[in-house]
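First comes the structure, then the notes that go with it.
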Amino acid sequence: MFLRVLSASFRAEIIKLFRSPFLIALVMVQAVTFLFLVTLFGLTGAFAPTALIDYDKGPLAKEFVKNLENAHHSFSLMFNYDYKKALEEIRHGNLVAIIMIPQGFSKAIAASRTAPIGVVIDNIDTDMSMDIQRALPSAITDFGRNQGFKEIRVESAEKDLIDHDTDFVTYMVVSALVLAALVISGILSGVAVASEFESKTVEFLAVSPIHPLVVFIGRVLAANIVSVIGLTVAVAVGLIGWGIKPLYPLQMAGVLLVSVFIFGLVGMALGVSMKKAFPVASFIFGVALPLYLFSGTYEPERFDGNLLWAMAHFTPLYYAVGIIEHAVLGLKVTPESVTVNYLALAGWALLALYVSWRLTRKNILS
Amino acid sequence: MEITVAFNKVDYKIGTTTILNNISLDIKAGEITGFLGLNGAGKSTLLSLINGLRNQTSGKITLLGTELPSDDGRLRSKIGVVFQETALYEELTTFENLEFAAALYNLENTKERITEVLELLKLMDRKNQIVKTLSGGLKRRVAIARGFLHDPQLLIIDEPTLGVDVEARHAIWSHLRLLKSQGRTIIVATNYLDEAQALCDMVAVLHKGRLLTTASPDYLVSRAGYCLDVECDAEAGEKFIDILSGKKGVLRADTTPSGLSIFLKDRTLKKQMLDIIVGTGKINGFRFRSPDLAEVFKSLQEKNDHVP
């Protein structure tokens with residue numbers, strides 16, 4: 001009987017969802033939107049336009065520009081400016097900074113004299129100012145080393161912990177997949193369950209011989225199908241558009257499916273608790289981004305201090321991010337093993353089921 | 001006769017507010033029993049104590065031999081409930097709603113049973129229509145169909161004809177009478193005395209959470225009196241009241257904005273009273289009707305006693 005009711009409620013919810021093709025389309029768009037959102041976030045300021053005015057035009061000035069371009073920075077050098085035009089553009093917000101190589105730069109360097117590099121910065125955002133302040137000394141050091149300045153006696157000897165580098169945007173896009181799973185699956189499941197209370201159909205369930213929770217789980221499973229469709233589109237866009245090549249594709253698929261199911265159960269618990277669709281959707285959407293940022297999306301959360309790291313353990317996204325970063329990029333971003341992360345997610349599933357079970361009859365009777 | 005539901009000194013309170021007060025009542029098997037009362041009388045609450053959506057604060061309720069509250073799924077499968085707000089899945093078709101209900105009640109031969117019920121309630125032509133596109137009357141019929149799909153021993157219906165047109169109202173009444181003729185026990189909560197008269201073997205009259213009386217609908221109507229409304233001016237009305245007061249067969253006479261209402265013990269007194277009135281003064285018109293629910297309440301409260 002349990003399986004029959006589960007299957008009937010699954011079928012009923014699938015019928016209902018697929019009678020709203022616009023909703024399905026929105027789910028797919030929403031899944032992909034998160035990838036764009038975090039990408040934009042990662043790319044913000046990465047190509048900040050910076051005018052470079054070379055008054056010298058000598059060989060050493062050209063060499064310095066090459067060093068500047070190779071230095072670690074997040075700006076993009078633009079060369080077709082004179083000072084007046086550049087100043088006008090920086091005031092209009094079209095440029096972030098102006099870097100000026102003075103006339104006589106090459107001669108001064110050749111004669112071992114100090115040559116000042118002029119810089120004008122729009123310090124509306126100190127992140128940008130600091131980027132220029134970091135990049136210039138780095139470029140000057142490289143330039144000096146290449147020119148054989150004897151005064152530079154220190155250099156870094158880098159040894160990487162991981163055998164491959166990971167692009168910041170890629171790191172974020174991968175973890176955005178579990179964010180999308182939380183938002184889509186949580187909202188679809190939460191709304192499906194809350195609407196039972198709103199339309200009072202839950203009363204019909206309550207007077208039937210079976211516990212309404214069985215029906216809710218059937219609805220969550222149906223909402224999971226639509227969530228998986230949305231996530232499949234997001235994964236395809238991630239693989240093709242961002243060129244992500246998962247190291248362990250099956251594990252990636254596994255963690256996404258598990259995330260969809262568990263976040264669906266969390267949505268169900270919220271639906272039972274709140275009994276109204278709109279607050280459920282608003283709540284999940286409202287907390288998703290803070291939870292996402294809170295769960296090691298920029299870098300392993302333990303880098304931000306023990307307090308934040310400890311608090312992050314109370315969000316299911318922390319464990320899901322840990323598993324997916326390992327599955328796709330081979331990174332270990334949580335000290336806990338993948339198995340422990342899966343167990344923690346299973347714990348969240350049990351908690352969501354327990355809360356739903358405890359509250360269902362109570363909330364119907366109230 | 002077998003008792004399907006027995007209330008014994010039942011109270012239901014929300015916080016310190018008493019919603020139902022000391023209800024004792026037996027509902028007999030195979031009958032249609034009505035819970036009659038104005039809005040807020042406690043009818044729906046009384047129904048929800050039977051269907052398990054609420055638990056009594058004190059007192060004892062026995063349903064089909066089992067004391068309530070009970071978590072017994074087998075007991076719930078013996079009752080069918082039709083809610084005031086239908087509680088149908090609006091995005092599904094009539095058939096899909098019934099198919100889902102069939103799964104909840106683990107029915108066998110689902111398609112045959114659904115077809116049988118749809119035919120009984122004349123809903124076959126609406127089988128594949130999405131519920132939200134149905135009229136209020138049709139939705140209520142679908143809800144009734146769902147309520148007795150699993151062939152319950154007891155069918156509980158809250159406001160069976162709320163918001164439906166006259167034609168649908170009579171159709172629903174005839175379906176309920178048919179179900180009764182098949183041996184089912186039915187409880188309806190209603191605001192309408194004519195509905196109680198049309199359907200019920202017995203009614204329990206509720207007022208502000210108290211059970212005023214239990215009686216047959218016809219008895220209640222006769223107790224309140226058959227009403228003769230007379231249209232006349234105020235001066236003539238006063239004169240008529242003076243003449244009619246104390247006359248044999250006149251239960252009472254009240255002034256109304258358009259004249260007066262005279263309550264007669266017997267229908268047959270109508271002509272005799274009209275003759276007296278017309279012989280006494282000028283009237284603009286008259287009509288003879290059954291009393292309404294408010295008038296029944298008034299008669300019950302005036303006498304303040306229990307009817308057998």
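Points to keep in mind about this one:
- Length added when fully stretched, B:ASN284-B:SER24, from 0.36 nm per residue minus Cα-Cα: 88.9 nm
- Residues in segment B:47-91 that a label on B:LYS13 would reach, taking backbone N under 13 Å of a point 7 Å out along Cα→Cβ: B:57-59
- Taking amide H as placed 1.01 Å from N in the peptide plane, B:GLU31 has its amide H under 5 Å from the amide H of B:ILE186, each at least 5 places away in sequence or on another chain.
- The lysine pair tally for segment A:1-120, using Cα distances under 25 Å and a gap of 8 or more places or different chains, is 10.
- Contact order normalised by residue count of segment A:47-146, Cα under 8 Å, 6+ apart, percent: 37
- P(r) tail, segment B:226-290: Cα-Cα pairs separated by more than 15 Å, 39% of all pairs.
- For segment B:226-290, the relative contact order is 50 percent, taking Cα pairs closer than 8 Å that sit 6 or more residues apart in sequence and dividing their mean separation by the residue count.
- Here's how it looks for B:THR93: its modeled amide H is under 5 Å from those of B:VAL131, which are all 5 or more places away or on a different chain.
- FRET efficiency estimate (nearest 0.05) - Cβ-Cβ, A:ALA310 to B:ASN191, R0 51 angstrom: 0.25
- Cα→Cβ-extended label distance, 7 Å offset, between A:ASN123 and B:ALA294, nm: 8.0
- Per-residue extension of 0.36 nm, minus the Cα-Cα distance of A:LYS62 and A:LEU250, leaves a gain of 62.7 nm for this segment.
- Highest mobility in the GNM of chain A, judged by mean-square fluctuation with C-alpha springs under 10 Å and restricted to A:LYS62, A:LYS16, A:LYS276, is found for A:LYS62.
- Once the Cβ-Cβ distance of A:PHE2 and A:LEU239 is raised to the sixth power relative to R0 = 41 Å, the FRET efficiency obtained is 0.60.
- Radius 14 Å from Cβ of A:TYR248, net charge of other residues (Lys, Arg +1; Asp, Glu -1): +1
- Size of charge dipole - segment A:260-366 - debye, nearest 20, with Cβ of Lys, Arg +1 and Asp, Glu -1, no other charges: 660
- The local environment of A:GLY218, defined by Cβ-Cβ distances under 9 Å, has a net charge of +1 under the rule Lys, Arg +1 and Asp, Glu -1.
- Segment A:155-242: C-alpha gyration tensor shape, a/c 1.5 cut-off, then a/b vs b/c: prolate
- Rounded if a/c under 1.5, otherwise prolate or oblate - chain A, Cα gyration tensor axes: prolate
- Charge-dipole axis of the protein assembly as shown as Lys and Arg at +1 and Asp and Glu at -1 on Cβ define it, positive-most pick from A:PHE22, A:MET252, B:TRP173: B:TRP173
- Nearest-ten-degree value, helix B:234-244 long axis tilted from longest Cα axis of chain B: 90
- Packing-based ranking, highest mean first, of B:278-285, A:346-353, A:230-237, A:265-272 given that Cβ atoms within 10 Å are counted: A:265-272, A:230-237, A:346-353, B:278-285
- Considering only segment A:47-146, percent of DSSP beta bridges that pair antiparallel, nearest 5: 30
- Averaging the sequence gap over all C-alpha pairs within less than 8 Å and six or more residues apart, then dividing by the number of residues, gives segment B:200-256 a relative contact order of 20 percent.
- Cα gyration tensor shape for segment B:3-221, rounded if a/c is under 1.5, else prolate or oblate: prolate
- A cut-off of 5 Å between modelled amide H atoms, ignoring neighbours fewer than 5 places along the same chain, links B:GLN84 with B:ASP158.
- Fraction in percent of alpha-carbon pairs per bin - 10 Å, the protein assembly as shown: 3, 12, 16, 15, 13, 11, 9, 7, 6, 5, 3, 1, 1, 0
- Which of B:LEU38, A:LEU35, B:LEU212 is most accessible, then next, and so on - probe 1.4 Å: B:LEU38, B:LEU212, A:LEU35
- For segment B:181-308, Kirkwood radius (reciprocal of mean inverse C-alpha pair distance, Å): 15.9
- Axis of helix B:270-280 versus longest Cα principal axis of chain B: the two differ by about 30°, to the nearest ten degrees.
- Of the DSSP H helices in chain A, those whose Cα atoms cover at least 15 Å axially and whose Kyte score averages 0.5 or more: A:2-18, A:21-43, A:168-198, A:212-241, A:249-274, A:277-293, A:316-329, A:338-365
- GNM flexibility winner over chain B from B:LEU134, B:LEU149, B:LEU293 (Cα, springs under 10 Å): B:LEU134
- Each residue was assigned an accessible area with a 1.4 Å probe, and for A:LEU343 the value is about 120 Å².
- When restricted to Cα atoms, segment B:110-221 yields an Rg and a Dmax of 15.0, 45 Å, respectively.
- Partners of B:LYS60 within straight-line reach, counting lysines whose Cα lies under 22 Å from its Cα and excluding those fewer than 8 residues away in the same chain: A:LYS362, B:LYS9, B:LYS13, B:LYS28, B:LYS43, B:LYS78, B:LYS208.
- Per-residue average of Cβ from other chains inside 10 Å of B:106-116: 1
- Local electrostatic count at B:LEU36 - Lys and Arg +1, Asp and Glu -1, tallied over other residues with Cβ under 12 Å: -3
- R0 of 41 Å, Cβ-Cβ distance A:GLN133-B:ILE130: FRET efficiency to nearest 0.05: 0.05
- Here B:LYS298 is the anchor, and the aspartates and glutamates within straight C-alpha reach of less than 12 Å, apart from those fewer than 8 places off in the same chain, are B:ASP254.
- Projected area averaged over orientations for segment A:324-366, convex hull of C-alpha atoms, nm²: 3.9
- Expected 222 nm ellipticity per residue - DSSP helices of 4 or more, -39500 (n - 2.57), all of chain A, to 500: -23000 deg cm²/dmol
The values are calculated or read from the model by the stated rules, or taken from the named source; none is laboratory data. Here the structure is a predicted model, which is why all the values come from computation and not from measurement. Please note: Cβ atoms are built from the backbone with ideal geometry, for glycine as well, and neighbour counts cover all protein chains shown. Calculation scope for accessible area: heavy atoms of the full protein, side chains included, ligands and nucleic acids excluded. Shrake-Rupley method; radii C 1.70, N 1.55, O 1.52, S 1.80 Å.
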